[in-house]
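Here's the structure we're looking at; comments come further down.
The values are calculated or read from the model by the stated rules, or taken from the named source; none is laboratory data. As the structure is a prediction and not an experimental result, all values here were calculated from the model. Here the Cβ positions follow ideal geometry from the backbone for every residue, glycine too, while neighbour counts run over all protein chains shown.
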């Protein structure tokens with residue numbers, strides 16, 4: 001299969017070719033390798049590739065035989081490295097599959113590589129010292145987002161149609177917005193994170209994917225959802241497969257619009273214009289849309305402080321464990337300034353401060369739940385601005401303590417983290433682009449706990465009404481223009 005043909009299919013389309021016997025998984029994998037070779041030297045989204053020996057049964061699942069990439073954090077694949085984007089974990093090899101990796105295999109996916117992540121997934125841009133910056137396929141001088149920046153860039157550039165991603169504060173939705181792809185963060189407890197990572201930041205982080213079509217994300221979530229023994233969280237199983245929801249009419253939804261983010265953060269003019277156009281599209285589809293104010297349940301600074309206590313305490317424990325396992329020092333030779341600052345800040349977080357942070361998490365979850373008692377969905381921009389130039393986040397980062405770094409991240413991505421705290425599903429949909437630069441602009445839709453089906457129904461409708469799969473970036477494996 002030629003790469004130009006390979007990139008014209010989504011994951012389900014490729015799997016259908018395999019099921020019909022028109023192409024084999026090995027041929028698809030060869031095309032994926034060629035696609036990576038075509039664009040990765042410019043975008044640096046893929047850390048490592050290998051020749052996978054998986055032999056999926058054609059037609060056994062909607063994704064059997066599809067080439068796939070996992071993120072360099074959060075999912076363990078036996079015999080393969082997982083380095084967390086960090087010099088502290090460089091060379092680390094997993095000795096067994098995690099629960100999620102087993103499900104990827106059962107789904108028939110052919111995992112042939114891993115994507116970049118910022119160190120410890122601790123940034124909203126992917127520019128680690130270990131492997132260098134990941135570049136946005138739409139503009140190579142701009143960020144691809146983070147922490148799933150490698151996944152977002154690889155999918156957008158055509159290396160794979162769908163890739164694994166994680167999200168603890170927007171890490172899946174931010175790169176989906178930056179790279180013009182679809183990304184849905186599932187409900188807490190929907191996908192098992194075990195057995196090695198368990199709760200991941202006390203349940204803030206979840207596993208999902210980024211993809212070029214809604215139906216691919218729905219099909220993958222169907223394959224990986226459901227609890228494993230010992231999981232600390234549980235989300236009720238959906239009434240029907242998510243793959244069926246994509247083609248179902250969503251009905252007339254009551255959608256609230258949050259134009260300006262919590263904390264007084266202003267939305268840039270191009271994003272505000274994109275939001276306005278999205279509202280008009282929703283109204284044309286029969287939805288009832290109204291501007292709302294949503295009580296976060298906590299003062300913004302209180303939210304940021306609680307998040308800093310929760311994030312850094314977890315970070316510190318992880319770093320201590322890694323240092324013990326590798327025998328490496330915890331200093332500037334192994335950690336970047338923001339991570340090291342977070343480690344030192346986390347060492348000072350008291351037990352009482354940590355418990356208070358969890359109490360604030362509960363208040364936020366309850367407050368957002370009350371909003372969803374009266375509205376079906378909440379619409380916000382995924383981000384208040386366009387993708388930033390590379391290096392922006394690192395400016396004077398060495399001068400920030402652990403709290404200062406969290407404040408910087410939250411100030412620049414103020415719409416996303418609340419839904420990680422509440423545990424509710426949220427998605428970034430690439431319905432619009434900036435007229436001036438052509439850069440994609442994602443719109444975020446959030447729903448109540450366990451209601452991914454409602455999001456998939458709307459996403460499917462938006463994809464039909466305002467298709468995005470035909471828009472390709474400058475760096476495109478099917479024939480890049482630069």
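Suppose the filter is under 29 Å from residue 5 (Cβ atoms) and in contact (Cβ under 8 Å) with a residue 24 or more places away in the chain; does residue 133 pass it?
Here the answer is no, as residue 133 does not meet what is asked.
I'd like the full set of residues that are farther than 16 Å from residue 350 by Cα and either modelled with pLDDT under 95 or surrounded by 19 or more Cβ atoms within 10 Å (Cβ to Cβ) (or both), limited to region 300-317.
Across region 300-317, the qualifying residues are 303, 304.
Taking region 449-467 only, how many residues are in contact with a helix residue (DSSP H, G or I) (Cβ under 9 Å, 6 or more places away or on another chain), under 20 Å from residue 279 (Cα atoms) and surrounded by 18 or more Cβ atoms within 10 Å (Cβ to Cβ)?
9
Any idea which of (1) assigned to a loop (DSSP other than H, G, I, E, B); (2) in contact with a strand residue (DSSP E or B) (Cβ under 6 Å, 6 or more places away or on another chain); (3) surrounded by fewer than 24 Cβ atoms within 10 Å (Cβ to Cβ) is the one residue 432 doesn't satisfy?
Status for residue 432: all satisfied but (1).
Does residue 283 qualify as being touching a strand residue (DSSP E or B) at 6+ places or on another chain (Cβ under 6 Å) and farther than 18 Å from residue 90 by Cβ?
yes
So which residues in region 78-99 are touching a strand residue (DSSP E or B) at 6+ places or on another chain (Cβ under 8 Å) and either crowded, with 22+ Cβ neighbours inside 10 Å or closer than 18 Å to residue 327 by Cα (or both)?
81, 82, 83, 91, 92, 93, 94
What tally of residues in region 268-299 results from selecting those that are part of a loop (DSSP other than H, G, I, E, B), surrounded by 20 or more Cβ atoms within 10 Å (Cβ to Cβ) and out of contact with any helix residue (DSSP H, G or I) (no Cβ under 7 Å at 6 or more places or on another chain)?
1
Kindly establish whether residue 395 is closer than 20 Å to residue 133 by Cα, surrounded by fewer than 16 Cβ atoms within 10 Å (Cβ to Cβ) and out of contact with any strand residue (DSSP E or B) (no Cβ under 9 Å at 6 or more places or on another chain).
yes
Are there any pairs with C-beta distances below 9 angstrom linking a residue in region 437-449 that is without any contact (Cβ under 8 Å) to a residue 24 or more places away in the chain to a residue that is surrounded by 19 or more Cβ atoms within 10 Å (Cβ to Cβ) and not in a strand (DSSP E or B), with the two at least 6 apart or on different chains, and if so which?
Here the result reads none, with nothing in region 437-449 linked to a residue that is surrounded by 19 or more Cβ atoms within 10 Å (Cβ to Cβ) and not in a strand (DSSP E or B).
Identify, from the list 423, 450, the residue that is out of contact with any strand residue (DSSP E or B) (no Cβ under 9 Å at 6 or more places or on another chain), at pLDDT 95 or above and closer than 30 Å to residue 359 by Cβ.
Going through 423, 450 in turn, the sole match is 450.
Just name the residue that is nearest to residue 474 (Cα to Cα) out of those in region 133-146 that are surrounded by 24 or more Cβ atoms within 10 Å (Cβ to Cβ) and in contact with a strand residue (DSSP E or B) (Cβ under 7 Å, 6 or more places away or on another chain).
Among them, the one singled out is 138.
Limited to region 35-63, what total is found for residues that are surrounded by fewer than 22 Cβ atoms within 10 Å (Cβ to Cβ), over 20 Å from the mean Cα position of the chain (by Cα) and either in a loop (DSSP other than H, G, I, E, B) or touching a residue at least 40 places away in the same chain (Cβ under 8 Å) (or both)?
15
Filter region 361-384 down to the residues that are closer than 21 Å to residue 184 by Cα and assigned to a loop (DSSP other than H, G, I, E, B), then identify the one that is nearest to the chain's Cα centre (by Cα).
Here the answer is 382.
Out of region 64-74, which residues are in a loop (DSSP other than H, G, I, E, B) and either over 19 Å from residue 132 (Cβ atoms) or without any contact (Cβ under 8 Å) to a residue 40 or more places away in the chain (or both)?
Result: 64, 65, 66, 74.
Could you grab me the full set of residues in region 331-358 that are part of a loop (DSSP other than H, G, I, E, B) and either crowded, with 19+ Cβ neighbours inside 10 Å or modelled with pLDDT under 95 (or both)?
The answer is 334, 335, 336, 349.
So which residues in region 228-254 are surrounded by 15 or more Cβ atoms within 10 Å (Cβ to Cβ), under 22 Å from residue 214 (Cα atoms) and within 23 Å of the chain's Cα centre (by Cα)?
Selection gives 235, 238, 241, 242, 243, 244, 245, 246.
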